[in-house]
1. For the stretch 463-485, what are the residues that are under 29 Å from Ala398 (Cα atoms) and under 27 Å from the mean Cα position of the chain (by Cα)?
2. Could you tell me which numbered condition Pro342 fails, if it satisfies all but one of (1) within 30 Å of Ser457 (Cβ to Cβ); (2) within 16 Å of ligand 2 (Cβ to nearest atom); (3) of a type outside the set (Lys, Arg)?
3. Scan the stretch 467-500 residue by residue and report those that are charged (D, E, K, R) and modelled with pLDDT of 95 or more.
4. Within the stretch 316-339, restricting attention to residues that are away from ligand 2 (no atom under 16 Å from the Cβ) and charged (D, E, K, R), which residue is surrounded by the most Cβ atoms within 10 Å (Cβ to Cβ)?
5. Go over the candidates Asp285, Asp324, Asp352 one by one and state the one that is within 17 Å of the chain's Cα centre (by Cα) and more than 14 Å from ligand 1 (Cβ to nearest atom).
6. Since His368 meets every condition but one in (1) outside any strand (DSSP E or B); (2) closer than 28 Å to Asp230 by Cα, which condition does it not meet?
7. Go through the stretch 176-216 and report how many residues are within 16 Å of ligand 1 (Cβ to nearest atom), in a loop (DSSP other than H, G, I, E, B) and free of Cβ contacts under 8 Å to residues at least 40 places away in the same chain.
8. Gly346 passes all but one of (1) open to solvent by less than 10 Å² (accessible area, probe 1.4 Å); (2) at pLDDT below 95; (3) over 25 Å from Ile312 (Cβ atoms); which number fails?
Amino acid sequence: MFRQGKQAVKKSAQQNVVIIYADDLGFGDLGCYGSRKIDTPNLDRLCAEGLKFTNAYSTSAVCTPARFSILTGRYPFRNDQAHILPGDAGCIIKRELDTVPKLFQRAGYHTGIVGKWHLGLGDGSKPIDWNQEINLTPIDLGFEESFIFPATADRVPCVFLEGRSVVNLDPKDPIEVSYEAESSFEDIPTYDKNPELLRVRSSHGHDKSIVNGIGRIGYMRGGSKAVWKDEELAETFLNRAKQFISDSCRAEKSFFLYYALHQPHVPRVPSARFEGATGLGPRGDVIAELDWCVGEVMAALKKEGILDNTMIIFSSDNGPVLDDGYLDRAYELNGTHRAAGPLRGGKYSKFDGGTRIPFIVYSSALKHRGVSEALISQVDLYASFAHMLGIETGEDSAVDSQDRYAALIGEDPAGRSELMTEDLTCGKMLRCGSWVYLSPSEGAPYMPFTRIETGLSKDPQLYNMDYDIGQQNNIAWDDADQVEKMEKRLQEILTSESTR
Ligand code: NG6
Ligand code: CA
């Protein structure tokens with residue numbers, strides 16, 4: 001029912017695909033999306049030579065559900081575990097589910113993931129033992145190579161995982177992780193007990209284990225050789241991404257790389273060369289660092305002589321936040337920078353600032369360069385790649401994914417007729433053409449600490465994006481028919497079937 005746009009598939013040349021997925025990067029954070037405060041020359045070039053989307057959405061204003069959708073082609077409501085996960089959660093993608101990397105595998109590609117995972121690990125049959133091989137990881141879900149950190153940079157365990165195992169494990173220094181049992185972690189440094197060890201204080205949360213002078217969510221002990229250094233995260237992931245590219249070239253295989261950057265999520269710790277790169281403090285500096293990473297990947301592709309045969313898709317999982325729990329002066333130094341651009345709200349929010357994100361496609365397959373206003377969702381990558389690869393997909397795989405390949409390569413200027421997103425509380429937003437409808441929901445209109453407008457209201461909200469991109473004028477009372485129509489459509493989507 002939601003698969004409009006599905007057409008007869010045609011096999012095209014096996015171009016490589018690299019998805020570069022930022023974490024909490026806003027619609028207004030890049031030069032090519034209007035920022036005058038952060039220099040992003042590499043992304044600006046990618047954009048100038050590629051196609052910039054102005055109506056692209058992730059499916060959720062937070063990480064785990066958005067990542068679930070981009071990799072499976074399913075809206076988050078299809079999985080009741082798709083919420084921000086702790087670092088010791090079980091994997092929420094079932095082994096048998098279709099995924100984007102499995103598609104590429106079927107087409108004979110070499111597949112890899114480097115970076116942030118945050119979809120849980122292990123099959124949930126028992127708590128994760130970080131000192132043993134883990135029985136369900138990205139390598140069970142279509143990625144032949146996997147070098148990740150488990151959850152977020154602010155959650156324990158602060159270690160890398162390669163394949164099924166923690167990197168640099170030392171059996172004499174076993175790793176223990178807990179999100180509850182404070183009493184059994186009395187011997188390790190914690191936020192309240194050891195403030196002298198902190199190099200940045202928390203504004204809210206992040207007050208359990210101290211790792212590298214930074215308070216984290218959750219407790220962790222051991223693994224001192226395995227613990228990452230925050231200022232080296234960017235380079236570690238970048239080197240792995242480059243390695244994957246060169247290994248694929250040596251093996252003469254087309255490849256699919258999902259490169260999930262950790263920037264600009266908190267804690268924001270740039271490498272020394274990016275400290276002070278912008279006037280915006282750590283948040284701006286790590287965006288400059290992120291841009292450099294993109295440039296390095298492009299340079300690596302060029303060096304291998306395959307830049308012309310590689311499609312790069314750059315995007316972000318959800319909108320921006322300035323204070324996400326650490327006193328890193330993001331607010332104080334922000335000045336006139338508008339991380340969400342003209343949009344209202346940000347990360348967590350039901351307003352467009354939560355889910356309308358930068359989305360750039362760079363490819364020699366582009367039929368049109370410049371700007372596309374096509375409405376597209378990250379959930380569409382599954383069906384669009386299936387089209388590109390000439391692979392027939394089962395009716396029940398990726399049920400929410402629409403084949404929007406024509407929009408991705410700039411051939412179709414319109415894209416979807418509708419899409420749905422959700423906020424932190426799983427409240428729903430439906431966009432149909434220019435209309436945006438926010439369904440009524442409980443909750444405060446403003447988030448303390450993050451200072452973000454949630455978009456939550458007991459009243460229905462209706463906005464017209466053609467003349468109200470900032471969602472200032474709720475016209476729900478003026479157009480009750482449109483509200484009724486959109487609420488009905490929302491319920492149809494939410495009750496549509498999937499047998500998996
Ligand atoms: C919140 C964290 C925030 C961030 C977010 C997940 C606190 C106070 N806040 O609970 O810092 O980690 O979860 O972000 O702990 S996401 O981008 O992975 O969804
Ligand atoms: Ca995120």
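The values are calculated or read from the model by the stated rules, or taken from the named source; none is laboratory data. Not measured: the values here are computed from a predicted model. Glycine also receives a Cβ, built like all others from the backbone with ideal geometry; neighbour counts cover every protein chain displayed. Calculation scope for accessible area: heavy atoms of the full protein, side chains included, ligands and nucleic acids excluded. Shrake-Rupley method; radii C 1.70, N 1.55, O 1.52, S 1.80 Å.
1. If the condition is that a residue be under 29 Å from Ala398 (Cα atoms) and under 27 Å from the mean Cα position of the chain (by Cα), then Met465 is the only one that fits.
2. (2)
3. Residues satisfying the conditions are Asp468, Asp478, Asp479, Asp481, Glu484, Lys485, Glu487, Lys488, Arg489, Glu492.
4. Asp328
5. Of Asp285, Asp324, Asp352, the one residue that is within 17 Å of the chain's Cα centre (by Cα) and more than 14 Å from ligand 1 (Cβ to nearest atom) is Asp352.
6. All conditions are met except number (2).
7. Result for the stretch 176-216: 5.
8. Answer for Gly346: the failing condition is (2).
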